[in-house]
Each structure stands twice: as structure tokens, then as C-alpha cells.
Amino acid sequence: LWSRRSFPFAPAHLQKMAARAAMQAQMDALMGKERDVPVDKRTNRIIQYNDEEVDKFWIAGLSPYVIFRNTRSDLGNWDKIIDDDAKVAWDALSQDKKDEFGYEYDLFRLCEQLVSDLDKTIRRTKDKLASDKPISLGKESQAQVDAFTAQIKDLQTKAQLLGDEGDVDESMKANQEAEELVKKKDAILHPSYPGKEKVMEVCEICCNMMASTDSEVRQEEHIAGKQHSGWQKVRDMLAKLQAMNDGKGPPPAGSKRRESRSEGNGDRESGRDSERRRSRSKERAPRERSKERSSKDQDRDRASDRDRERQRESDRFGRDSAYRDRSDYRDRDRERESSRDYRDRRY
């Protein structure tokens, strides 16, 4: 919507429309959307904390859209409603139940972003103030300042000497003349604020500019103002939410449900792993027994092979021995026959 703050040169009729819409949103938040409906036609529906039209930030503890309305930090149009009964019902919930909705997490993220942006603006403003140079004086003005400085020093020395001599009246007169010269000197150095230097400072809470010349009443009004108090509430809420869960802050919506589901899945997975290991061990046992039997059979086969090999070697040795014995017999027979022939021929 058009607004004077965002579009200062918007047409008048659009500015009126924006103001009317803002007023309507405020009335809806305070009196409900059925405020103009006749009593006999109202639904009288009980508003729940999780209804779409309810301001979830306000339910969780703080609504920056509400506290900054019509201030320099206005966050824009906000049509969510505020219901006290819904807030009471929310406060009655346990913390685990609240964490399921994630309203506190959303508020935490919003406050964190707002404070971060404001702190950046504060740092930029401080840098700008630090870079501002003092007013440069002309030659004539600088000569007057130097003359006043010398005269002030002489008068202060004179007043000190007169006071030591006991001439109180003359000492006071010299001090008064020195004070008058100090005022004239300040009037040249700081023409807008004669007699007192004006130093601009930025508020560390709300980024408002404060002058060192501001009175105590002005400073108290600043602290009690809607802008300063609103940012103080936002910073306090951010610190409170940040301290939850041992400094981790509130969890997102449904995170605990996902964690419990993952833990349950982990338990189921571990159960499945155990079941797989048991089934594998059952399948492995017959195979191992079969391997043992086959190993024993192989050992027996190798032993049988060795026995058969030894038997064949023994049979072969026996045949060779018999063959050698028969050869020896034949050789001896031949020798006897040849000797007998030799004797016969001789005689």
C-alpha cells in the first residue's frame, strides 16, 4: 500500500486509502473482524492460537509489527489480529508442544535480522560522525581566538596572584573577566551553541541521534519513547530466545519430531542389521559345515591316493626284483654250460 512514509509524494487519495487500511487493521486487531457484523449474525468462533489470522509473533511473546507501528521503524502494514484468549491457551502449552509449531523460532529469526540491520546502521552512523571535521575558521576569526586565549591565560594568572596576596575582590573580578572572554571565544568556535560545544551521539539501542546539549528531560523522553523502548524490548526478547536450549535458541518447527523419527529409524535399522547378521550366520553355518565335510573328504581322497601310489611303487619294485633274479639265474646257467663245454673240448 501507498503510505506517506514510503512515498511522501504519493497522490492524496492514495495516502488516504493507506491511512484507512492501517486504521482498519488496527480495529481488526483490537475488536475483531466481526465488529461491524450484527450480533445475531456473528459466528462467535473461538479463535485458536494456530489460526491463520492470528499474529504468531505476538503469541510467541512479542510482535515487532505492533510495537513499531507509527514510528520511524514501522515495518509496514500488518493485518494479523491479537486475541488474549489465544495467548492464554498458548502459554498453557508445554515447551515441547510449543517447539512443534516453531513460532518462537520464527520470532527469534525476525528479531535477529532486525537487530543485525539496526547495528549495521549504528556502526555506519558512528563512522560518519567520526569522519566529520570541525568547522575551519578564517584568518580573522582565528586571530581573535588566539588573542582571547592569551588574555584568558593572563587573567587567570593575575587572579591566582591576587588570591595569594589576599585581595579577594580583585581576584574574583579577574576571574569574571576571564569567563567573559571564554564565552566570546566559544561563540566564535561554536556559533550555534555559544558557551557549550555540541557533540552528536548515536543511541546504542535505537540508533536515534542525541546531542550533548540536550537537557535531562529530553534524554528521559527519548528513553521512554516508543522507538527506544520498542528496540529495547526486541533486544531483550532476542537475548531471551538465544538463551534457550543451552544457547542454541528455539528449534524450527517439527525439528524434534524429525529427530525422534530419525532415532526410531536408527533403532529399526539397527534391528534390521542384527536380523541380517543372524540370518547370514545361519546361512554361513551350513556352508561352513559343508566346507568342513568336503575338506575331510579331500583329505581322505589324498590319503587314498598316497596309499595307491605306494602300492604301485611296491608292486613295481617286486616285479623288478623278480626280473633281476631271473636274469641272474640265466646268467649263471650260461656260465655253467660254457664251462662244461670247455672241459669237454679239452679232454
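The values are calculated or read from the model by the stated rules, or taken from the named source; none is laboratory data. Remember, it's a predicted structure, so these values are computed and weren't measured experimentally. Glycine also receives a Cβ, built like all others from the backbone with ideal geometry; neighbour counts cover every protein chain displayed. Calculation scope for accessible area: heavy atoms of the full protein, side chains included, ligands and nucleic acids excluded. Shrake-Rupley method; radii C 1.70, N 1.55, O 1.52, S 1.80 Å.
Under a plain spin-label model, where a point goes 7 Å from the Cα along Cα-to-Cβ, how far apart in nm are residue 239 and residue 147?
Modelled inter-label distance: 5.6 nm.
Which of the residue pairs 16/80; 87/248; 153/183; 87/226 have a Cα-Cα distance greater than 19 Å in the structure shown?
Result: 16/80; 87/248; 87/226 exceed 19 Å.
Mind ordering 58-65, 139-146, 155-162 by average Cβ neighbours within 10 Å, highest first?
Ranked from most to least packed, the peptides come out as 58-65, 155-162, 139-146.
So what is the accessible area of region 45-93 per residue, in Å², with the probe set to 1.4 Å? List each step's numbers first, then the result.
Numbers: 2510 Å² over 49 residues.
Heavy-atom accessible area per residue stands at 51 Å².
Could you check the simple spin-label distance between residue 164 and residue 124, using points 7 Å along Cα→Cβ, in nm with one decimal?
Rounded to a tenth, the inter-label distance reads 5.8 nm.
Non-local amide H neighbours of residue 210 (under 5 Å, H modeled in plane, Pro and chain starts lacking H): which ones?
Hits under the 5 Å cutoff: 201, 202, 203.
I want to check the label-to-label distance for residue 309 and residue 106. Put each point 7 Å from Cα in the C-beta direction and report it in nm to one decimal.
Taking the simple label geometry, residue 309 and residue 106 are separated by 8.7 nm.
Could you give the dipole magnitude of region 85-150 about its Cα centre, charging the beta-carbon of Lys and Arg +1 and that of Asp and Glu -1, in debye to the nearest 20?
Roughly 480 debye, rounded to the nearest 20.
So what does residue 216 come to for accessible area, using a 1.4 Å probe and Å² rounded to 10?
140
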